[in-house]
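Input: a single structure, listed below in structure tokens.
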Amino acid sequence: GENVEQHPSTLSVQEGDSAVIKCTYSDSASNYFPWYKQELGKGPQLIIDIRSNVGEKKDQRIAVTLNKTAKHFSLHITETQPEDSAVYFCAARLTGGGNKLTFGTGTQLKVEL
Amino acid sequence: DAMVIQNPRYQVTQFGKPVTLSCSQTLNHNVMYWYQQKSSQAPKLLFHYYDKDFNNEADTPDNFQSRRPNTSFCFLDIRSPGLGDAAMYLCATSTRRGTANEQFFGPGTRLTVL
């Protein structure tokens with residue numbers, strides 16, 4: 001099955017700085033890579049996703065890059081704000097695996113004033 | 001707004017006392033999922049339904065059961081909760097039509113086992 005590793009487990013940045021979270025996956029058959037943001041006491045919310053036929057995707061301050069050869073993908077948040085503080089999960093979906101996601105272990109992002 | 005609703009948000013039960021968590025959706029999605037999320041861990045898929053087709057994960061304990069009486073509702077039954085079952089339980093939905101893959105999560109039910 002798929003295995004997703006995520007680093008770092010905690011990340012602290014100053015407001016306005018950039019934050020980068022990295023994930024690696026094990027199965028080259030994975031074709032869909034979403035990123036979820038989970039605030040305390042809430043369910044995860046999708047913030048951006050990327051499919052295997054695309055190398056980069058951007059949505060305002062958030063971007064995701066995918067390197068299929070190396071089997072890793074990264075989340076980039078620019079101009080961080082205090083409301084970006086949350087736990088971020090990456091995930092991967094196997095082709096032919098239905099819509100089952102394998103999640104990374106999460107990154108606690110803290111944006112300090 | 002279309003959404004995924006979970007009730008109750010907080011549930012306290014006693015060791016060994018059966019408990020049922022509920023999930024409803026107004027998205028008309030044909031896939032519904034139940035995840036278990038323990039503190040500081042990633043969500044772990046327990047099972048999912050594609051319409052009425054039930055799909056159990058290999059490592060989901062027999063203590064966990066699920067029912068989906070119709071498209072909108074899905075239930076998680078824990079037959080004999082143990083202390084190790086205390087967790088956040090997340091319901092999610094998605095459509096498998098076309099290439100849409102996003103899973104929409106509910107707010108979760110936090111289960112405490114005394």
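The values are calculated or read from the model by the stated rules, or taken from the named source; none is laboratory data. Remember, it's a predicted structure, so these values are computed and weren't measured experimentally. Methodologically, a virtual Cβ is constructed for each residue, glycine included, from the backbone with ideal geometry; neighbour enumeration extends over all protein chains shown. The protein model used for the area step is the full one, side chains on, heavy atoms only, and it has no ligands, DNA or RNA in it. Shrake-Rupley method; radii C 1.70, N 1.55, O 1.52, S 1.80 Å.
For residues in region B:52-77 being open to solvent by 80 Å² or more (accessible area, probe 1.4 Å) and not in a strand (DSSP E or B), which is farthest from A:A92 (Cα to Cα)? Residue satisfying both the conditions and the ranking: B:D62.
If you go through region A:23-53 and keep only what is open to solvent by 60 Å² or more (accessible area, probe 1.4 Å) and of a type in the set (A, V, I, L, M, F, W, C), you end up with just A:L40. Please work out if B:L45 is hydrophobic (A, V, I, L, M, F, W, C), within 9 Å of chain A (Cβ to nearest Cβ) and either touching a Cys at 6+ places or on another chain (Cβ under 6 Å) or open to solvent by less than 60 Å² (accessible area, probe 1.4 Å) (or both). Judged against the criteria, B:L45 is a match.
If a residue must be under 19 Å from B:M3 (Cα atoms) and hydroxyl-bearing (S, T, Y), how many such residues does region B:13-48 contain? Working first, answer last.
Of the residues in region B:13-48, the ones under 19 Å from B:M3 (Cα atoms) are B:21-35, B:48.
Then drop every residue that is not hydroxyl-bearing (S, T, Y), which leaves B:22, B:24, B:26, B:33, B:35.
Qualifying residue count for the region: 5.
One residue is enough: does region A:74-91 have a residue meeting the conditions within 14 Å of another protein chain (Cβ to nearest Cβ), within 13 Å of B:N101 (Cα to Cα), more than 10 Å from the chain's Cα centre (by Cα) and in contact (Cβ under 8 Å) with a residue 24 or more places away in the chain?
Filtering region A:74-91 down to residues within 14 Å of another protein chain (Cβ to nearest Cβ) leaves A:86-91.
With within 13 Å of B:N101 (Cα to Cα) added as a condition, the list becomes A:91.
If we keep only those that are more than 10 Å from the chain's Cα centre (by Cα) too, we end up with none.
Checking region A:74-91: not a single residue is within 14 Å of another protein chain (Cβ to nearest Cβ), within 13 Å of B:N101 (Cα to Cα), more than 10 Å from the chain's Cα centre (by Cα) and in contact (Cβ under 8 Å) with a residue 24 or more places away in the chain.
The set of residues in region A:7-61 being of a type in the set (A, V, I, L, M, F, W, C) and assigned to a strand (DSSP E or B) consists of A:L11, A:V13, A:A19, A:V20, A:I21, A:C23, A:F33, A:W35, A:L46, A:I47, A:I48, A:I50.
Say we look at region B:93-111 and pick out the residues that are at the interface with another protein chain (Cβ under 7 Å from one of its Cβ atoms) and surrounded by fewer than 21 Cβ atoms within 10 Å (Cβ to Cβ); which of these is modelled with the highest pLDDT? Please lay out each step first, then the result.
We begin by selecting, within region B:93-111, every residue at the interface with another protein chain (Cβ under 7 Å from one of its Cβ atoms); these are B:94, B:96, B:101-103, B:105-108.
When the remaining residues are screened for being surrounded by fewer than 21 Cβ atoms within 10 Å (Cβ to Cβ), the result is B:96, B:101-102, B:107.
Details: B:R96: 71, B:N101: 72, B:E102: 85, B:P107: 94.
Per the stated criteria, the residue is B:P107.
Assess whether B:L90 counts as being open to solvent by less than 40 Å² (accessible area, probe 1.4 Å) and either under 19 Å from B:M3 (Cα atoms) or out of contact with any Ser or Thr (no Cβ under 7 Å at 6 or more places or on another chain) (or both). Yes, satisfied.
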